[in-house]
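Enquirer: Just passing along the structure, written as structure tokens.
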Amino acid sequence: MAKALEYNATVTERIDLTDALTVFRITPDKAPEQKPWFVPGQYCVLGMNNEAVPALGSVRRSMSIASAPEDDGPVEFYIRWVAKPESENPLTHLLWKLKTGDRMYMRAVAAGVFTVKDTIGNDDPRLRIMVAAGTGSAPFVSMVRSELRRNPNADLSRWVLLHGASYPADLGYRDELARMVEVNKLKYWGTVSRPKEAPEWRGDAGRVESFFEGARLDDLEKRLGLAPGGFHPKSCVIFICGLTGTITGTITPLFDRGFVPDFKRIREALGVPADIKDSVFYEQYDTEPVINIKDPSVVEPLKERMQAGLARLATYE
Ligand SMILES: Cc1cc2nc3c(=O)[nH]c(=O)nc-3n(C[C@H](O)[C@H](O)[C@H](O)COP(=O)(O)OP(=O)(O)OC[C@H]3O[C@@H](n4cnc5c(N)ncnc54)[C@H](O)[C@@H]3O)c2cc1C
């Protein structure tokens, strides 16, 4: 049983977008000494003691930070209530009982390298294609917010956010992002996978990864102002955040265009030469393998696609 946590933070606000999606604003008792104390894209650890069933002890989980490092005040998290938890003491079920003013644990130390600085570097001129399903948009919201905190008139035309959810109401931060589209030239498209249940929805339909399949990729190229076939690692870099299905579904069609995931064992399994740079970076919220590299029937066809994609990569201008 995990040791009891000493609470050191307060829920300043909770905004319930739906029954299962909530923005939590949390204030640590002691503001981190260093400012800024994190880089957009990083996460920190939240925790709770199970007071209703003390025998279950405490639970801690990583959560991406959705606020910008330049923000004063509470730290923001965008969290989904997990319907089918794996553990017997799921954190999200304890968080959902909290109300404003309640106490909890927050380790105000940021971790992770899913940041622009640690992946491509801040000066990389390519389009930044950010792919998220559900609460996977949190690190990307932090990234674009941070740009605007530093310059409210920042040009976000290099930033492309593709956000997938089941229903329109699940597309958190939609209004804020829409303003960035209008004012800062952010490129943002929400897509819903159950459009029949939302007849008023006029946006894209399907899972977010379907943007990269066949004719949909041709359409995305047009929207981004790229020439046919122009969506490749010399013009774009991909960031994905969320559960395995989104990551696997996005990287697989992109092998055909020569995109290489930043994951050593997948690179090796697909025979990517060491001198070819990574062009897909991901933050995974669960622990399923993205590609079962131990299964030759999975790896062999993907290896062929990757090798053909790499041959094409050499021809891109
Ligand atoms: C670096 C990192 C950052 C994360 N950031 C966030 C975040 O910003 N917001 C967030 O909601 N979650 C985030 N997660 C997931 C989070 O850490 C927990 O796994 C999740 O909240 C479930 O915890 P639990 O204790 O309630 O359930 P557990 O008993 O731990 O159940 C875990 C199960 O939940 C599934 N799961 C995990 N996350 C989700 C999700 N978002 N939607 C649906 N199913 C999920 C997993 O596949 C697994 O089956 C992050 C995970 C990592 C590794």
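Enquirer: Tell me which residues, restricted to the range 91-122, are part of a loop (DSSP other than H, G, I, E, B), over 21 Å from the mean Cα position of the chain (by Cα) and not hydroxyl-bearing (Ser, Thr, Tyr).
Expert: Within the range 91-122, Trp96, Lys97, Leu98, Lys99, Gly101, Asp102 qualify.
Enquirer: Consider the range 106-148. How many of its residues are surrounded by 16 or more Cβ atoms within 10 Å (Cβ to Cβ) and either within 16 Å of Phe38 (Cβ to Cβ) or β-branched (Val, Ile, Thr) (or both)?
Expert: Residues flagged as surrounded by 16 or more Cβ atoms within 10 Å (Cβ to Cβ) and either within 16 Å of Phe38 (Cβ to Cβ) or β-branched (Val, Ile, Thr) (or both) within the range 106-148 amount to 23.
Enquirer: Among the residues of the range 74-88, what is the count of those that are farther than 22 Å from Thr115 by Cβ and in contact (Cβ under 8 Å) with a residue 40 or more places away in the chain?
Expert: Count: 3.
Enquirer: At least 1 residues that are assigned by TED's automatic domain parsing to the domain that holds Gly134 and within 16 Å of the ligand (Cβ to nearest atom) in each: list the helices (runs of 4 or more DSSP H) lying fully within the range 195-286 that qualify.
Expert: The helices (runs of 4 or more DSSP H) meeting that bar are 244-255.
Enquirer: Something else about it: Assess whether Lys84 counts as being under 25 Å from Pro168 (Cα atoms) and among the basic types (Lys, Arg).
Expert: yes
Enquirer: I'm trying to understand the selection: among the residues of the range 117-138, which are out of contact with any strand residue (DSSP E or B) (no Cβ under 7 Å at 6 or more places or on another chain) and either more than 16 Å from the ligand (Cβ to nearest atom) or of a type in the set (Val, Ile, Thr) (or both)?
Expert: Correct list: Lys117, Gly121, Asn122, Asp123, Pro125.
Enquirer: Against the condition within 8 Å of the ligand (Cβ to nearest atom) and among the hydroxyl-bearing types (Ser, Thr, Tyr), how does Ser142 come out, does it pass?
Expert: No, not satisfied.
Enquirer: Give me the pairs: first residue in the range 282-294 and within 15 Å of Gly249 (Cβ to Cβ), second residue assigned to a loop (DSSP other than H, G, I, E, B) and within 7 Å of the ligand (Cβ to nearest atom), beta-carbon distance under 6 Å, and six or more apart or on different chains, which are they?
Expert: What qualifies is Tyr285/Leu243; Asp286/Leu243.
Enquirer: Would you point out the residue of the range 55-66, among those that are within 16 Å of Ala9 (Cα to Cα) and of a type in the set (Gly, Ala, Ser), that is nearest to the chain's Cα centre (by Cα)?
Expert: Ser62
Enquirer: Right, another one. State all residues of the range 155-192 that are part of a strand (DSSP E or B), among the aliphatic types (A, V, I, L, M) and within 16 Å of the chain's Cα centre (by Cα); if no residue qualifies, say none.
Expert: Result: Val160, Leu161, Leu162, Ala165.
Enquirer: Can you tell me which condition Val299 does not meet? The list is (1) in a loop (DSSP other than H, G, I, E, B); (2) more than 16 Å from the ligand (Cβ to nearest atom); (3) surrounded by fewer than 21 Cβ atoms within 10 Å (Cβ to Cβ); (4) in contact (Cβ under 8 Å) with a residue 24 or more places away in the chain, and all the others hold.
Expert: Condition (1) is where Val299 drops out.
Enquirer: Please work out which residue is modelled with the lowest pLDDT, limiting yourself to the range 29-61 and to residues that are β-branched (Val, Ile, Thr) and away from the ligand (no atom under 13 Å from the Cβ).
Expert: Across the range 29-61, the extreme among qualifying residues is Val53.
The values are calculated or read from the model by the stated rules, or taken from the named source; none is laboratory data. Keep in mind that what you see is a predicted model, and the values were worked out from it rather than measured. Reconstructed Cβ throughout: ideal geometry from the backbone, glycine too, with neighbour counts over all protein chains shown.
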